[in-house]
Structure formats: structure tokens, C-alpha cells
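**Q** One structure, as C-alpha cells, below. Some questions next.
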Amino acid sequence: MKKYGLVAAVALTMLLAACNNNNEETQNNTKPQVEQQSSELQTTKEEKLVVDQLGREVTVPNSIERVVMGGILPYFSTWYVATNSTKEIAGMHPNSYNAAKHSMLAKMSPDVLKADTSFIQNGEVNVEELMKVNPQLYIEIATDEKSIHKVSEAGIPVVALKAIDAAAAEPLATFNSWLEITSQITGTTERANRFLEEGKKVQAQLDEKLKTIEEKDKPRAMMLFRHNEKSITIGGKNFFGNQWLNATGAIDVAENDIQGQKEVNMEQVYTWNPDIIFITNFTETQPADLLENKIAGQDWSQVKAVQEGKVYKIPLGIYRWFPPSGDAPLMLKWLAQKNHPALFDYKIEDEIKAYYKDFYEYDVTDEDIQAILNPSSEAAKY
């Protein structure tokens, strides 16, 4: 595989995501109270200042050879998109590692599987274990004030990133912002710009076709974020799913009832009665579990999407497609086709093959494509 230079910014990576162990992409509205650093920091020739998404000036080495990612789960794939490399990733959250292990990135850049995960214990950062990993830089989700303080106090530079730009009208804003900061840290920008252009181009193509669709003709869709026999958690407004649906010609059934993510009961699902159900990669549930009514204590057979067989598992490429990833343009195309199959008649397998060849210079096999489109339940475990 050739090296482009900054795999950059697919900028579109959409809406992005990130989260911590239990709340991965849903901490979008909480404003952390981590105090801002003063602008009087001094740097050496080997260092530079980077302003993170809490407005803090952070001194980071000019050359990063060991970086660790905490509760901002999707970020490891952003690093790859920006640098075309994972060899610098010395550690990551166990949830991130499990997704990486079941992703295309494990084949494309196997160094990612060398990352240490032992510094996360009982869902929290263990600083003593983290020091053994010897990171030059730590990346954390902006809402995790506790971890930011603990790691900073240990003398490790911490760059904080926000999980989602809730105010953005399109789903790529967060990923774009992550790529921008990563480019500042690493000095790579070339690929990021290519991704940004591709994301804008794909969204413009969708918008051109979707402008002919009246509101009454849009499917009503539901994002099943986390799920098991005891709990049904749905994503709503100011969450990744809502942005994806809005961008691909669907109506989010939960957007007027839920901010972020929320646990609901079957009665609420019956009230919404969605035309389509999308299942994220943050739950082990598969479409067959709903279509064949396998979940004890839950009768999904009464839901329109189940009755019509329109229940889909969101793909997993270089990362889960629900939050931020370099595959965001493909997520847009995949969702648009599910929402409006007659309007978008391309073959998604061909789109995936062309995209991976163009942006990653990687030739995916037919088997790879099927794995992307049909992620296993194992990929959701952590």
C-alpha cells in the first residue's frame, strides 16, 4: 500500500464520535469545566503549542513516536487517516482495540494491534500502568475531566477533543475538526484535504438528488444505539445518528423526544413505529435478532420496520461507521441507498472497492467487503 501522506481528512468523518467506555458518542452537550491553561507556555525547538478543543494550549513534541488514546474511542482511526500510519499508537482503550481487531485497519495497518490496553482498569485510567506505556502524548474526550487532570498531573501532555459538534448541520464537522488538530500535531495535511473534498462532494451529490424528495416521502428511521434483553437505548437529536439520517433523506423518529441517547421501552418503540431500524456497532444485536423476534421479553414483530424486513446493521470498515471514521463518505452512500433505494441505484460493493483503492490505496477483496457490510457481534464487545 502506498503512503499518501496525510490520509487526511476525510473530513467528513462525520459526526463523529467518540466517547468513553459507557458513553461513547453521546456526550455531546456537556461542557467540561477543565480549566484553560494560560498562554504563557514556553516551548523548546523540539516542541510546539497546540490548542485543543477545550481552548487549552498544550505543549507537544514536534515528533510523536508514542501516542495513547483514552475514552475517545474512534480517534485511533483518525490518527491513521491523518498520517497513514498506526505504528505511533502505543496504547488505546480496550473498546477501541476490539473494534480495531475486527476492522479493515487490522489488515491495512497491523501495527495498530500492537497497542497496549492495560492502562484502562475498571473503565478508568490507571496512571501507574499508563506511565509504563511511556506516552509522549495522551488524547482524551473533552468531557472526561477526571482523566484529563490525572494524566496531566502525571506530566503527560493531554489534548482534549469533543465528541460531536451538535450545532453542525452536516455529519462531518467533528471528524474534520479532529483531523485539523491531528494535522497540527503531526504536521501532515495532504490526505486530510483530499478527504474533506470527497466528503463535501458526496454530500453535494446526495443533496442534489434528495431535493426532489418531499417530507412526506421520507422514511421514518430509528437508530438502535445499544441493546440487549434488559435495555433499549435509542439515539436522538444532537447525536451522530440524527445527523446521519438528516443528511441522507430520512426522518429521525426520536429527534423530538430524545437529546443524545436515552433508554426507552417497547411501548415507545411501538409509538414511533419506524419504517427502518439501523443497529449500531456498539451493541451485539444483529438484524436477525429483531427480524426473528429472538429477544426475550421484547416483541419486535409489531414494528413496521421488522414486518417489512428493513432492519440493518451499520457497517464497520477502518472503524465503526456510526461515529467518526475515514469511511464517512461510504456511510453517507450506504445510508442514502437504504433510505431511498430507487433513487440511489449504485452497487455499494463497487463504491467500497473504489474508495479503498483511491484513498487508502488498498485493494479490498470480495470477502473484505462482505465483512465490512456484515460486522460480527464480536466487534461490539468490550
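What follows draws every value from the coordinates through simple rules; no lab data is involved. Note that this is a predicted model, so its numbers are computed, not measured. Here the Cβ is made from the backbone with ideal geometry for all residues, glycine too, and neighbour counts use every protein chain on show.
**Q** Convert each backbone phi in the range 245-251 into a coupling constant with the Karplus relation 6.51 cos²θ - 1.76 cosθ + 1.60 (shift: θ = phi - 60°), then list the ³J(HN,Hα) values in order as whole Hz, x for Gly and Pro.
**A** Ordered by residue, 3J(HN,Hα) equals 5, 4, 7, 10, x, 10, 9 Hz.
**Q** A follow-up question, please. Over the chain, what is the mean sequence separation of C-alpha contacts under 8 Å (at least six apart), divided by residue count, expressed as relative contact order in percent? Before the final figure, lay out the partial values.
**A** Working: 879 pairs, mean separation 89.4, N = 382.
Taking the mean separation of contacting Cα pairs over the length of the chain, I get 23 percent.
**Q** Whole-Hz Karplus ³J(HN,Hα) for the range 303-313, in order, using 6.51 cos²θ - 1.76 cosθ + 1.60 and θ = phi - 60°, x for Gly and Pro?
**A** Coupling constants for the range 303-313: 8, 3, 4, 6, 4, 9, x, 9, 10, 10, 8 Hz.
**Q** I've got another one for you. Using 24 Å as the Cα-Cα cut-off, could you pick out the over-long pairs in Lys162/Lys262; Lys200/Lys347; Lys114/Lys381; Lys87/Lys313? Let's see the in-between values first.
**A** Details: Lys162/Lys262 20 Å; Lys200/Lys347 21 Å; Lys114/Lys381 19 Å; Lys87/Lys313 30 Å.
Over 24 Å Cα-Cα: Lys87/Lys313.
**Q** By count of other Cβ within 10 Å, fewest leading, how are Met331, Met104 ordered?
**A** Ascending number of Cβ neighbours within 10 Å: Met104, Met331.
**Q** When the helices in the chain are scored as -39500 (n - 2.57) per DSSP H run of 4 or longer and the sum is shared across all residues, what 222 nm value do you end up with, to the nearest 500 deg cm²/dmol?
**A** Mean residue ellipticity at 222 nm (helix-derived): -9500 deg cm²/dmol.
**Q** Also, I was wondering about something else. Rg and Dmax of the range 209-380, using alpha carbons, in Å: what are they?
**A** Expressed in Å, the Cα Rg and Dmax of the range 209-380 come to 15.7, 48.
**Q** Would you please give the residues with an amide H less than 5 Å from that of Met69, counting only those at least 5 places away or on a separate chain, with H modeled from the backbone geometry?
**A** Residues meeting the amide H criterion: Gly91, Met92, His93, Ile139.
**Q** Based on alpha-carbon centroids, what's the gap between the range 317-338 and the range 59-88 in Å, whole number please?
**A** That distance is 21 Å.
**Q** Hey, can you grab everything whose amide H is under 5 Å from the amide H of Ala142? Only 5+ residues off in sequence or another chain; H modelled, so Pro and N-termini drop out.
**A** Residues meeting the amide H criterion: Leu161, Lys162, Ala163.
**Q** Which residue, Thr186, Thr365, Thr233, tops the fluctuation ranking in a GNM of the chain built on C-alpha contacts under 10 Å?
**A** Looking only at Thr186, Thr365, Thr233, the largest GNM fluctuation is found for Thr365.
**Q** With the chain treated as a Gaussian network of Cα nodes joined by springs under 10 Å, which of Gly71, Gly297, Gly235 yields the largest mean-square fluctuation?
**A** Gly297
**Q** Just name one of Ala342, Gly317, Ala379: the one whose Cα is farthest towards the positive end of the charge dipole of the range 209-380 (beta-carbon charges, Lys/Arg +1, Asp/Glu -1).
**A** Ala342
**Q** Can you work out the Karplus-derived ³J(HN,Hα) for every residue in the range 216-228? Use 6.51 cos²θ - 1.76 cosθ + 1.60 with θ = phi - 60°, whole Hz, and x for glycine or proline.
**A** 5, 9, 7, x, 9, 10, 10, 9, 8, 7, 10, 7, 7
**Q** Take the chain, connect every pair of alpha-carbon atoms lying under 10 Å apart with a spring to form a Gaussian network, then pick out the residue of Asp345, Asp252, Asp144 with the largest mean-square fluctuation.
**A** The residue that fluctuates most here is Asp345.
**Q** While we're on this one: So, with +1 on the Cβ of K and R and -1 on the Cβ of D and E, and no other charges, what is the size of the charge dipole of the chain about its Cα centre, to the nearest 20 debye?
**A** About 280 debye.
**Q** Next question, about the same structure. Can you give me the Rg/Rh ratio for the range 47-195, using Cα atoms for both radii and the Kirkwood formula for Rh?
**A** Here Rg/Rh amounts to 0.93.
**Q** Okay, moving on. State the three equivalent ellipsoid semi-axes of the chain, derived from the C-alpha gyration tensor as the square roots of 5 times its eigenvalues, in descending order and whole Å.
**A** Ellipsoid half-lengths, sorted descending, are 34, 23, 19 Å.
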